Amino acid sequence: MMAQRSKIAIVDDERSMRVQLESLLASDEYELALFESGMALLDKLSELNPDLIILDLMMPVIDGFEVCRQVKAQAQFQHIPIILVTVLDASKALVEGLEAGADDFIQKPVSRLELRARVRSMLRIKKQYDELEAMLKMREELSNMVVHDMSSSIVSVQLNATLMQEKQLDEEQKHQLDMILMAADRLDEFVNDMLMLAKMEQSKLRIHQTMTHIQQLILDAETHFKIIAQSKGIELKLILPKMQLKMELDENLFRRVLANLLSNALQYSPEGTTVTVKLEILPPDQKGHHLRLQVIDEGSGIPEAYRKRIFEKFEVVELKKKGVAQIGLGLTFCKLVVDAHCGKIYVAPNRPSGSMFIVEI
């Protein structure tokens, strides 16, 4: 199978320079695309998706620095190496070029040997990045497949445990069966969170908003989590407004947000403490937020240095190693759902100890 040729965009306002660069690279069998201006490149960038950009610095309308900044400002193009070509003293252009996102420099007049060497170097870096991305994508897809396959096993545990509840059991057996079902439910929630995270990150999860009764959502959650709280010797307390609150939300996703926050609070709360769910109706702010939901625990709390990091998926492993409690993919899921509803989620300290997870929509 023939290897795919690397695509290189050459951008220079002087036709003679474009032709010269093209001829210097012609023998290397690259797929070359020539552009007479930075704007022409930016207009075709998504369509072309080059492996390398060779960019003239001194151009009218927008110069190479600005083109570089605009390319690197777009997440899907940040990994594309850019070589700036300049007649200026390289030391003068170096600082601004690096700040704009350039990866390498060549001075005019351009040497054929130097150009080819720098192009090969940048394409090696791009190839390594592409291979790493492909490997990470394959691993993520494999993980998603494994998680998906786990669902059937969990359903089997839940089904058989439910069937056993219909048999004659003593109190100890009933208690143990309840523990099995609660553990299976929590594992099922975790698996579903993983699958939903994958869909949300691939922009495949659609938000279906309906008029949702918020107080009833919380009361339903209390019914489920009261058993867990009692088994751990924790009081589950609700503080709800008298005024009924209804909002346009994706009810299923928001139910999962509440479940994740409650599960998290109960898991890390010591015996004899209280977990509180507090709902407030607020005057709309500039962003339209007028619901504040708080899940408050009396556990060990989260150090200030980590409070902005615990909702990020790629921070979880590092923070786990540091012994930070109350973190996991459930919080990442919560943030994605709240963000999709144009809200915000954050954590604040509870006094004298514990954490307050706050959702505002």
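The values are calculated or read from the model by the stated rules, or taken from the named source; none is laboratory data. As the structure is a prediction and not an experimental result, all values here were calculated from the model. So basically every Cβ, Gly included, is an ideal-geometry build from the backbone, and we count neighbours across all protein chains shown. For the accessible areas, the whole protein counts, side chains as well, though only heavy atoms, and no ligand, DNA or RNA atoms are used. Shrake-Rupley method; radii C 1.70, N 1.55, O 1.52, S 1.80 Å.
Highest mean first, the peptides 228-236, 80-88 sorted by other C-beta atoms within 10 Å per residue fall in the order 80-88, 228-236. Compared with the alpha-carbon gap, the fully stretched path from SER153 to SER231 is longer by 25.5 nm at 0.36 nm per residue.
The length gained by stretching the chain between GLU36 and MET211 to full extension, at 0.36 nm per residue less their Cα-Cα distance, is 57.6 nm. Note on surface exposure: THR332, THR162 rank THR162, THR332 by accessible area, highest first, 1.4 Å probe.
The trypsin sites (Lys or Arg not before Pro) of the range 237-299 that DSSP puts in a loop, and whose beta carbon has at most 13 other beta carbons within 10 Å, are LYS242, LYS287.
Working value for the range 1-52: equivalent-ellipsoid semi-axes of 20, 16, 5 Å, each the square root of 5 times a Cα gyration tensor eigenvalue, largest first.
Net length available on complete extension from GLU47 to LYS137 is 30.2 nm, with 0.36 nm assigned per residue and the Cα-Cα distance removed.
ARG309 sits with roughly 60 Å² accessible to a 1.4 Å probe, with DNA, RNA and ligands left out of the calculation.
Ignoring ligands and nucleic acids, what accessible area does GLU171 show with a 1.4 Å probe (Å², nearest 10)? For GLU171, the solvent-accessible surface is approximately 130 Å².
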